[in-house]
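Below is one structure, written out as structure tokens; the observations come after it.
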Amino acid sequence: MTVTDNLPTLLVVEDEKNTRDGLRRYFDGKFDIYLAPDVATAMNVLESQPVDVLLTDLRLTGGTEGLDLLERATSISHPPVCVLMTAYGSEKVAVQAMKKGAYDYITKPLDLEKLDVVLTRALHSRKVESENRQLREELDRKYGLEKLIGNSPAMTEIYERIRQVAPTRATVLIEGESGTGKELVAQSLHMLSPRKSARFVAVHCAALSPQLLESELFGHEKGSFTGATERRIGRFEEANHGTLFLDEIGEIDAATQVKLLRALGEQTIQRVGGNQTIKVDVRVIAATNKNLEALVREGKFREDLFYRLDVVPIHLPPLRNRKEDIPLLIHAFVHEFARQNQKRVVGLTTDAMEALQQYDWPGNIRELRAAIEHAVALSRGERLSVRDLPPRVLGQSEGVAGLTSGGSSSGPASLNLETMEKSFIRQALRATEGNITEAAKLLGISRRTLHRKIKTYQIAPA
Ligand SMILES: Nc1ncnc2c1ncn2[C@@H]1O[C@H](COP(=O)(O)OP(=O)(O)OP(=O)(O)O)[C@@H](O)[C@H]1O
Ligand SMILES: [Mg+2]
């Protein structure tokens, strides 16, 4: 066997030794050739290295094992392009083989020159196909992640996870504060998946009453409840073969949780008021800005559903924990809004940049984006200055003395409600030396509420 770099590989599967040897002599120098007398040997070769072209006899040892081999060869991860040799008169089987994925066939006795032409063409088609695939993959990579800006270590890790999990059908649970980009991540997961040509359907679970949510998700039959004047196809059915994005999943009621659990487990749904079981092929991505595990502990969210959803978690960090991404984000948003407003804005003054870096961004990227839009709209010069920025971004350190911005080290305190609440609870607990009853009185809430908040925020008891 001659192994030469860069020659395409050809695997010849032929039980007649003379034919094998003849083929080897003829194609030596043009291909890197492997010979196999039977299916087992051929599969060994195919599984141990990439093969460009597979040339197989249809009838091996008297049977039609060639078809068998064809099927197995086309189902490996980088399948070769397959050409069949068949006895004159058995073209019918050859046509059958083409339907199973063979590229072409040639009849025996072999005309080697003709075979040469067929193999050259086969090789070319494989090259074109693999180039197309590469281009497609490159485009997908770009398109799928290009909207996500940021190159902090935290974001880089998230891109990696998105790339890994996107092609699978694993359920993904995206957690993160409001405005951290959960929906954007969900869209990227869809765009990078084989489901991208089907629909991405988003449902905002918090926006609907329990009854409406159920019919939104699963659809309903005509007359199933007052107001159901027509049959309605639910979002699960709309997203068939695509992706269903369930936003604010922590808000769904107990009854819908049960139905959702069943839909996820069995990949079937029933419309409200219907008794037909409908099969759906849907990949579910869920998002929440709540701590879903805490909701499980409080008995507000089903544990079994949580585990169904949390197959692959993606946690989006708040912007204040990856402030190094702020300049890049600003740059992109300035560009976007300058173009949109047909204004010439080239950047920011140092003061303005510093103020934006200082701020804690409780509303995360959404808030930053809005701040830049505001500044670009108001700007009079080519550089955004401090006076163009929303007052909130500048004046936050006044009036909230005594508060700490829980977790983040730099920058002034945050006006984030949750952060303030945590801080007040800690202060009350400190003032009462951990006496819950006293602390609750001080805060003007019930003991039970205080207990719950301590649990949710995982505050250490004094
Ligand atoms: N990494 C990012 N790069 C660029 N833009 C981003 C990024 N993350 C979020 N955005 C932008 O910020 C805004 C909010 O993002 P998105 O709606 O995805 O957040 P969210 O986490 O779903 O928020 P909410 O919990 O409030 O629904 C959108 O305009 C989005 O385009
Ligand atoms: Mg969202």
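Please treat every number below as a calculation from the coordinates, not as lab data. Here the structure is a predicted model, which is why all the values come from computation and not from measurement. Using ideal geometry, Cβ is built from the backbone for each residue, glycine included, and neighbour counts are taken over all protein chains shown.
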Q: Would you mind calculating the relative contact order of the chain from Cα pairs under 8 angstrom and at least 6 residues apart, reporting the percent as a whole number?
A: 10 percent
Q) Can you pull out the GluC sites (Glu not before Pro) in segment 160-262 that DSSP calls coil and that have at most 14 other Cβ atoms within 10 Å? A) GLU230
Q: Write down, largest first, the equivalent ellipsoid semi-axes of segment 9-135 in whole Å, where each equals the square root of 5 times an eigenvalue of the alpha-carbon gyration tensor.
A: 20, 16, 15
(Q) To check my understanding: the extent here is largest minus smallest coordinate of the Cα atoms along each principal axis. What are those three numbers for segment 148-280, in Å, largest first? (A) 53, 28, 22
Q. What residues have an amide H closer than 5 Å to that of ILE174, excluding those fewer than 5 places away on the same chain, when H is modeled at 1.01 Å from N in the peptide plane?
A. ALA286, ALA287, THR288, ILE314
Q. What is the local net charge at ARG24, summed over the other residues whose Cβ is closer than 14 Å to its Cβ (Lys, Arg +1; Asp, Glu -1)?
A. -2
Q | Amide proton proximity set for PHE200, modelled H, under 5 Å, gap of 5+ | A | THR243
Q.
Between ARG383 and GLU324, how high is the FRET efficiency from 1/(1 + (r/R0)^6) when r is the Cβ-Cβ distance and R₀ = 35 Å? Nearest 0.05.
A. 0.95
Q. By counting other Cβ atoms within 10 Å of each Cβ, how are TYR26, TYR307 ranked from fewest to most?
A. TYR307, TYR26
**Q.** P(r) tail fraction, the chain - alpha-carbon pairs more than 43 Å apart, %
**A.** 42 percent
Q. By what distance, in whole Å, do the Cα atoms of segment 319-394 stretch along each of the three principal axes, largest value first?
A. 33, 20, 18
Q | Charge tally in the Cβ shell below 12 Å around VAL284, where Lys, Arg are +1 and Asp, Glu are -1, VAL284 excluded | A | +2
Q: Quick one: which residues, 5 or more positions from ILE106 or on another chain, have an amide H under 5 Å from its amide H? H modelled 1.01 Å from N in the peptide plane, none for Pro or chain starts.
A: LEU84, MET85, THR86
Q) With θ set to phi - 60° and the Karplus curve 6.51 cos²θ - 1.76 cosθ + 1.60, what are the ³J(HN,Hα) couplings of segment 80-89 in order, to the nearest whole Hz, using x for Gly and Pro? A) x, 7, 10, 10, 10, 10, 9, 5, 3, x
Q. How much of the DSSP beta bridge set in the chain is antiparallel, as a percent to the nearest 5?
A. 10 percent
Q: Could you work out the Kirkwood radius for segment 417-456, taking every pair of different alpha carbons, averaging 1/r and inverting it, reported in Å?
A: 9.7 Å
Q. Could you give me the ³J(HN,Hα) list for segment 37-47, computed from phi with Karplus coefficients 6.51, -1.76, 1.60 and θ = phi - 60°, whole Hz, x at Gly and Pro?
A. x, 8, 4, 4, 4, 4, 5, 4, 5, 4, 7
**Q.** P(r) tail fraction, segment 46-103 - alpha-carbon pairs more than 18 Å apart, %
**A.** 26 percent
Q. Taking the Cβ of ARG322 as the center, what net charge do the other residues with Cβ under 14 Å away carry, scoring Lys and Arg +1 and Asp and Glu -1?
A. -3
Q) For segment 172-188, what does the Karplus curve 6.51 cos²θ - 1.76 cosθ + 1.60, with θ = phi - 60°, yield as ³J(HN,Hα) per residue in whole Hz, taken in order and with x for Gly and Pro? A) 10, 10, 9, 10, x, 4, 4, x, 8, x, 4, 5, 5, 5, 4, 5, 4
